[in-house]
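Provided herewith is a single structure, encoded as structure tokens, for subsequent inquiry.
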Amino acid sequence: MKKKFALLGFLPLLAGCCTPTQNVRLAAKIFDMKFDPATKTVEVANLTGLRTDNDLFSHRNDSRTYFLYDAARASGTAPLFSGTDEELLALAAGVLKRAHVPKDEVAKARVLQEQTGVGAFDRTTHAITDRKESKGKRYALLTREIQGVPVVSSRLLLTTGYDKRAAFAELHWPVVSKEVLREAKRLQSLVREGWKAPEEQAARPETIEAVIIHSPAMATVMDIQAVIRVIYKPAEARVSMKVQRFFDANGQPVTPPRTFAKMPEFGSRKRGSQGKP
Amino acid sequence: MKSRFITSVLLLFVATAAGAATPTYSTGGVDVYTPCGVPNLPWRVLSANKVAGWFNVAGFPAVSNWRNGDVWGSDFRNTGAPDDREPGGGSDLPQIYFYAGHGTCQDPPGPTDPDYISVCSQVGPDFNDIGATSGWGSQSGGNLQFLFLDASCPMDLISLGNEWFPVFRGLHVATGHSGTSSHDTLDSPDRSDVFATYAVGGGMFDLYGLVSLPIILLYPPLSVGDAWMASGLMDVESEVCAVAIAAGETEADAIDRREHERVTDGRSDPIPNWFGWKWICN
């Protein structure tokens with residue numbers, strides 16, 4: 001403990017320095033999250049934000065992407081939000097509005113209900129006794145489309161505490177350029193006109209649609225692309241997981257948007273023959 | 001190379017000083033399935049690479065990162081030779097194992113139906129019935145504490161008691177999906193790495209990055225269970241559920257681990273008397 005305390009003394013030298021007031025204001029404006037105005041701003045790669053022992057607010061500088069976390073309120077053992085689903089969705093809609101997300105870009109707004117269970121397990125009989133199941137947290141999930149084109153990588157995911165204050169949020173809703181939207185609409189027309197999906201071995205196309213995809217919320221880059229997305233179903237039931245592929249207008253495969261500008265190294269990916277029977 | 005080594009040593013020193021754990025990890029990702037007569041999955045290796053990338057950013061030491069045929073069926077079996085402690089890449093060697101590949105769904109599953117990890121490997125059989133062949137953790141001679149499966153239906157809610165609770169032998173928390181062959185997961189390029197990022201969010205120690213400032217510092221530091229609830233429903237069809245299971249010695253311990261345990265907590269291995277589980281459906 002003493003060691004940890006001593007090392008913490010370096011913090012003022014290492015923490016970021018640049019826009020604490022802006023970040024404190026932004027956290028309050030979008031999520032009604034209060035930080036001490038003296039909280040240091042931390043800047044790392046494409047992120048800037050505020051951290052305390054309990055709270056985190058951060059946002060990307062290359063995308064309309066915000067993260068919020070309040071450890072005490074977000075805990076599954078803390079008192080749960082007791083309002084209606086409509087109230088939770090209204091809180092989520094308020095977050096989008098304050099983040100300047102156009103209202104007409106919300107494709108669907110719904111509430112996901114977490115369920116929890118606990119029980120004693122008898123290893124001999126495999127019997128579960130004292131089993132209790134109950135409702136856990138609720139998540140507001142808002143998905144996106146622009147002028148009828150799904151933007152399948154965007155979302156707002158939000159939970160709140162008992163007091164209706166945000167407990168956890170991922171708002172990932174990057175601005176999409178006119179050019180990308182124009183291309184998505186062109187692809188949409190091609191699909192309507194009968195664009196044929198390339199064949200996939202041992203699977204058959206199930207759905208074909210033009211969509212916009214982009215890098216995930218946690219990424220060091222922001223790629224945004226219009227593609228034709230094809231979902232293939234395995235032809236036989238021996239295995240599952242449906243194949244998802246992205247194509248351009250000519251049926252050429254498109255690589256998904258990147259997460260890392262440069263993939264971190266993590267050693268060999270080739271196993272030797274040692275251990276083989 | 002030298003500077004990376006020095007940085008790693010410094011990270012380890014600082015993490016130790018702060019009392020945080022730096023778990024070891026392995027990943028297994030399988031894209032190539034057509035030699036086994038089933039469809040390829042183009043983004044499973046990418047997913048495993050990105051998860052390994054984030055674990056690397058967090059400073060976790062890698063044990064193995066095998067892809068395609070190098071992920072053996074035997075890596076997930078607790079008995080036989082080789083088994084899940086095979087020094088080259090068994091799933092019970094590291095403290096965290098992440099798998100991305102096919103599973104096998106029933107439509108609908110019943111309480112005694114198996115859950116599978118389905119590979120296409122050099123050492124078969126490739127279809128691993130988890131409940132019948134697996135066992136993870138220190139009480140089965142291994143090290144595994146966290147098992148993350150991004151596959152189809154490897155954790156059907158209806159069969160948790162038969163398929164999953166018995167395989168916890170020191171294992172702390174496992175995550176996977178429940179579904180059917182008509183309500184299935186999609187091969188997602190992003191689901192797993194969003195999960196991994198939340199699981200390592202905040203960094204491995206609360207020192208605002210003494211050696212460097214890792215980007216994960218500003219991602220929300222979620223528990224394993226919450227990280228999966230927040231990411232497991234990306235790119236899945238309706239009615240698919242993201243499921244997380246935690247073992248505990250007591251009821252309170254199982255609930256606490258289900259809700260709060262993080263991969264960097266360094267908690268001791270639980271005696272699996274109780275289980276806490278949670279799920280969320282699309």
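Each value in this text was obtained by applying a stated rule to the coordinates, not by laboratory testing. This is a predicted model, so every value here is computed, not measured. We place every Cβ from the backbone using ideal geometry, glycine too, and count neighbours over all the protein chains shown.
Pick out, from A:89, B:198, A:21, the residue whose Cα sits farthest towards the positive end of the charge dipole of the protein assembly as shown, with +1 on the Cβ of Lys and Arg and -1 on the Cβ of Asp and Glu.
With unit charges placed on the Cβ atoms, the residue in question is A:21.
Let me ask another. Can you give me the Rg/Rh ratio for the range A:17-175, using Cα atoms for both radii and the Kirkwood formula for Rh?
Over the Cα atoms of the range A:17-175, Rg/Rh equals 1.06.
Would you please give the FRET efficiency between residue A:255 and residue A:36, computed as 1/(1 + (r/R0)^6) with r the Cβ-Cβ distance and R0 = 41 Å, to the nearest 0.05?
About 0.40, to the nearest 0.05.
Picking from A:234, A:216, A:174, which is most flexible by a Gaussian network model of chain A using Cα springs under 10 Å?
Largest GNM mean-square fluctuation: A:234.
Test of understanding: extend the Cα→C-beta vector of residue B:138 to 7 Å, then name every residue of the range B:250-269 with backbone N under 11 Å from that spot.
B:267-269
Considering the options A:246, A:226, B:172, tell which one lies farthest towards the positive end of the dipole of the protein assembly as shown, charges being +1 on Lys and Arg and -1 on Asp and Glu at the Cβ, about the Cα centre.
The Cα lying farthest towards the positive end belongs to A:226.
Roughly how crowded by other chains is peptide B:32-42, in terms of the mean Cβ count from those chains within 10 Å of each of its Cβ atoms?
Mean partner shielding for this stretch: 6.
Continuing with this model, one more query. Could you please rank B:153, B:281, placing first whichever residue has the fewest other Cβ atoms within 10 Å of its Cβ?
Ranked by crowding around the Cβ, least crowded first: B:281, B:153.
Sticking with this one: Principal axis extents for the range B:146-282, Cα atoms only, whole Å, descending order, please.
Sorted largest first, the three principal extents are 48, 36, 18 Å.
Another one. When you have a sec, figure out the Kirkwood radius of chain B from all distinct Cα pair distances and drop it here in Å to one decimal? Each step should come with its number before you reach the end.
Working: mean 1/r = 0.0540 Å⁻¹.
That comes to 18.5 Å for chain B.
Using a simple charge model, +1 on the beta-carbon of Lys and Arg, -1 on the beta-carbon of Asp and Glu, nothing else, what dipole does the range A:57-146 show about its Cα centre, in debye to the nearest 20?
Working: 15 positive and 12 negative charges, 27 e Å.
Its charge dipole is roughly 140 debye.
Something else now. Per residue of the range B:107-123, in order, report the coupling 6.51 cos²θ - 1.76 cosθ + 1.60 (Karplus, θ = phi - 60°) as ³J(HN,Hα) in whole Hz, putting x for Gly and Pro.
9, x, x, x, x, 10, 6, x, 9, 10, 10, 10, 9, 9, 10, 7, 10
A follow-up question, please. For chain A, what is the calculated [θ] at 222 nm in deg cm²/dmol (nearest 500), taking -39500 (n - 2.57) for each run of four or more DSSP H residues and dividing by its residue count?
Values: 6 runs with 56 residues, N = 277.
It lands at -6000 deg cm²/dmol.
Can you compute the charge dipole magnitude of the protein assembly as shown about its Cα centre, using +1 on each Lys and Arg Cβ and -1 on each Asp and Glu Cβ, nothing else charged? Give it in debye, rounded to the nearest 20.
Dipole size: approximately 1680 debye.
Can you list the lysines whose alpha carbon is less than 18 Å from that of residue A:196, not counting same-chain residues fewer than 8 positions off?
The reachable lysines, counting only those whose Cα sits under 18 Å from residue A:196, are A:185, A:233.
Efficiency by 1/(1 + (r/R0)^6): what FRET value for residue A:185 and residue B:239, r their Cβ-Cβ distance, R0 = 35 Å, to the nearest 0.05?
Once the sixth-power term is evaluated, E becomes 0.65.
How long are the semi-axes of the ellipsoid equivalent to the range A:14-105, from square roots of 5 times the Cα gyration tensor eigenvalues, in whole Å, largest first?
24, 18, 11
Evaluate the Kirkwood expression for the hydrodynamic radius of the range B:19-164, namely the inverse of the mean inverse distance over all pairs of different C-alpha atoms, and round to one decimal in Å.
15.2
Under a 5 Å amide H to amide H cut-off, with H placed in plane at 1.01 Å, what residues pair with residue B:263 once short-range neighbours are removed?
For residue B:263, the qualifying residues are B:224.
Using amide H atoms built in the peptide plane, which far-off residues or other-chain residues are under 5 Å from residue B:102 H to H?
Residues meeting the amide H criterion: B:118.
Simple spin-label model, 7 Å along Cα-to-Cβ: residue A:130 to residue A:199 in nm?
Going from the residue A:130 label point to the residue A:199 one covers 5.9 nm.
Nearest 20 debye, what's the magnitude of the dipole of the range A:32-188 about its Cα centre given +1 on Lys and Arg Cβ and -1 on Asp and Glu Cβ?
On the way: 25 positive and 21 negative charges, 77 e Å.
Around 380 debye, computed over the range A:32-188.
While we're here: Based on alpha-carbon centroids, what's the gap between the range A:17-56 and the range A:250-265 in Å, whole number please?
About 31 Å separates the Cα centre of the range A:17-56 from the one of the range A:250-265.
With chain A treated as a Gaussian network of Cα nodes joined by springs under 10 Å, which of A:123, A:60, A:25 yields the largest mean-square fluctuation?
Residue with maximal mean-square fluctuation among A:123, A:60, A:25: A:123.
Of all the Cα-Cα pairs you can form in the range A:63-128, what percent are over 13 Å apart?
It works out to 78 percent of all Cα pairs.
Next up: If each Cα of chain A is one equal point scatterer, what is log10 of I(q)/I(0) from the Debye formula at q = 0.10, 0.13, 0.14, 0.17 Å⁻¹?
-0.75, -1.09, -1.17, -1.29
Mean shadow of the range B:150-204, computed from the convex hull of its alpha carbons, in nm²?
Computed as one quarter of the Cα hull surface, the answer is 5.0 nm².
Hey, what do the phi angles of the range A:213-227 turn into as Karplus ³J(HN,Hα) couplings, whole Hz, using 6.51/-1.76/1.60 and θ = phi - 60°, x for Gly and Pro?
10, 8, 4, x, 4, 9, 7, 8, 9, 10, 9, 9, 9, 9, 9
Assuming R0 = 30 Å, what is the FRET efficiency of residue A:103 and residue A:263, from their Cβ-Cβ distance, to the nearest 0.05?
That gives a FRET efficiency of 0.20.
Okay, next question. Per the Kirkwood definition applied to all pairs of different Cα atoms, how many angstroms is the hydrodynamic radius of the protein assembly as shown?
For the protein assembly as shown, inverting the mean 1/r across all distinct Cα pairs yields 23.8 Å.
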